[in-house]
1. Tally Lys and Arg at +1 and Asp and Glu at -1 over the other residues with C-beta under 12 Å from the C-beta of A:I82: what net charge comes out?
2. Where the centre of each part is set by its Cα atoms, how far does the stretch B:113-155 sit from the stretch B:160-194, in angstrom?
3. Between B:F95 and B:I301, what is the FRET efficiency for a Förster distance of 45 Å, r being their Cβ-Cβ separation, to the nearest 0.05?
4. Return the average number of partner chain Cβ atoms within 10 angstrom of each residue Cβ along peptide A:106-118.
5. In terms of the ratio Rg/(2.2 N^0.38 Å) built on C-alpha atoms, what value belongs to chain A?
6. Over the stretch A:115-183, what per residue volume does the convex hull of the Cα atoms give, in whole Å³?
7. Mind checking the full-extension length gain between A:D100 and A:L343? Use 0.36 nm per residue of separation minus the Cα-Cα distance, one decimal, nm.
8. Once every DSSP H run of n ≥ 4 in chain A is given -39500 (n - 2.57) and the sum is divided by its residues, what mean residue ellipticity at 222 nm do you get, rounded to the nearest 500 deg cm²/dmol?
Amino acid sequence: MSTVIDLSHVAEAAPGRSIGQKPPDDVLLDVRGLKTYFHVLDGTVPAVDGVDFQIKRGETLGLVGESGCGKSVTSLTIMRLIDIPPGEIAAGEIWFDGVDILSLSPSEMRDIRGSEMSMIFQEPMTSLNPVFTVGYQIAEAVKAHRNVSKNSARDRAIEMLAAVGIPSPERRFKQYPHELSGGMRQRVMIAMALSCDPKLIIADEPTTALDVTIQAQILELMKSIQERTGTALLLITHDLAVVAETVERIAVMYAGRIVEAGTAEEVLLDPKHPYTQGLIASIPSTVPRGQRLNVIKGTVPNPFRMPTGCRFEPRCPHAFGPCKDFDPPLRLTGPNRESACWLQYPPGELPVKETDAPPATPVPVERVGH
Amino acid sequence: MFKPESADSLPIPASAATPSLIDGPELPVDVEVALESLNQWQLAVKRFMRHRMALIGLAMFCFIVLVAIIGPIVAPYNPIDIPGAIHQGGDGPSFTHPMGTDDAGRDVYTMVVNGAHISLAVGFFATVIAGIIGIIVGSISGAAGGVVDNLLMRLVDVTFAVPLLFLILVAAVFFGQGSMVALILIFGILQWGLIARLVRAQFLSLREADFVEAARAVGVGTMRITFRHILPNALGPVIVVMTLLMASNIVLEAFVSFLNFGIAATEPTWGNALSNAQNAMGDGNWWWAFFPGMAIALTVISINFVGDGLHDALDPRARL
């Protein structure tokens, strides 16, 4: 197991991304080798286990993956909202706007949350405090970061309610969350997230809890706001249709890792990683009526017993030689296109299992006898 | 937490930052009709008003409070006059004494009316003291967690481990000497553990609530989240338990006074009346014990009805 894997291609895949080095100015968010572990009673869950991705200023990135692959934990780690303990940010760097935010103090981080980067949550029904009016809660977000009077915070809140398409915002300002529908509440959450002009918005499955027509409205709203304000957007979803409509680039996550990244078109039309291929093939509309739907065989690996090699190997239809024993790093397969699969490596670069070689120095066994 | 506006404070660059948001093309609009805005408390009041038993209980309780306030003023007799009774062990109910008299000829009706404010005051203020201590300790425990939480909760365990009645009787002997204020303090200081546990449990579940995470995500500070976001949401069940605690404190006061460890025996309280009436019961003079006993029972029942109504009204899952 002591095989040294040649990591030179990783540096090739990520130019200017060596650890400890500030990313270029046009990169707003640079997540490098991020590992978030949870220490629970049964052991350690590596929820995020070496995630790398970048978002440029004003760019939209869709982070796609099935439930439990670590998408939400990734986003909460970027916001530094993971409870420590039981959580632990075990390794990695998160460069945001030229600063490694993992090195910031909690109060410095609080200043960034909500003003520089903000988040939209999955459950609009429970993400607003039932005892306050929605306007109060938006104004509170404004006041947390701007030294303004009660009145101008109120004006800002009303302006934001209007901006997210809520009719008669002055009246809505005074209403309580229970008086609004799910779609309206998600608009309020978006207004709250946008109230301080953040550079990055993280939307964690913002439409999952909404019905389809409202989903389309909210996605339309987020897209139009993103286009007009130039805010970068990290959209986390399990819904390929949602990313196809909304984002420029896609990163696919599996079992705590990014397995493929590229422009939305490239990833959806020409998936390189067998997992992405499986995901796209399992969309019901790609299968003629009356046929069985395609599925990816098997289940997500148990987090306590991750495969030693590629994490997708037990389910992969194309698994071969190195897959069982070696974990493929991300490899640049085109401009801004990355894939973590041994199929993308030329045969010469594939690692070989060492057990075929004779053992180095056999331990002499001494017989003890009378 | 809100800083006052200062001359050099930065106004929000509304015009600079997001003019495009407002001037942009018409956004899809989510239309919905709402007639009036009611907050959680107003909704709770509305739900409470639909609870018939709670309303009856509230009416009874208001009547008892009214009697406690104006009763002593309009009562026909002086509670500490000893005119002497005609029959041994007290006179039965009559037109001059509708609830009869005790063995010294004191009017039982005057006694009941004068005892009301003592019972209510002990019940109310002891509960308020227990509530204040319990909410503060429970909030700290639930918000801080870790070692602080552990220490405070072990302290609560200790207050539960010692038999309450025994402790009250001992404390009443040492510090009470028949004083009402001392009794209130003793009840309050010995009973906050229940409230503290409840508040802590509420905090532990609310700490994980989505809206708390959302507030953290917009950069709201820890103190503000604890006291402005979590505490108001935690209070519903606490109010219900405090109502029931008040009823139990009224019974407890009567009980402690009955055992002659409570309010000085010369004061006209319900518990003292019951205590003094013990011997007369053997003679068949039921009225002396019956009316103060009924007063206690009606007060407790009315408060429990109100508590039941509050429980339904403040249930966060309840819908109008």
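1. 0
2. Their Cα centres are 13 Å away from one another.
3. 0.95
4. Neighbouring Cβ atoms belonging to other protein chains average 3 per residue here.
5. Dividing the Cα Rg of chain A by 2.2 N^0.38 Å gives 1.13.
6. 92
7. Gain on stretching A:D100 to A:L343: 84.1 nm.
8. Only helices count here, giving -8000 deg cm²/dmol.
Every number here is computed from the coordinates shown, using simple stated rules; none is lab data. Everything numeric in this text was worked out from a predicted model, so none of it was measured. Neighbour counts run over all protein chains shown; Cβ positions are idealised from the backbone, glycine included.
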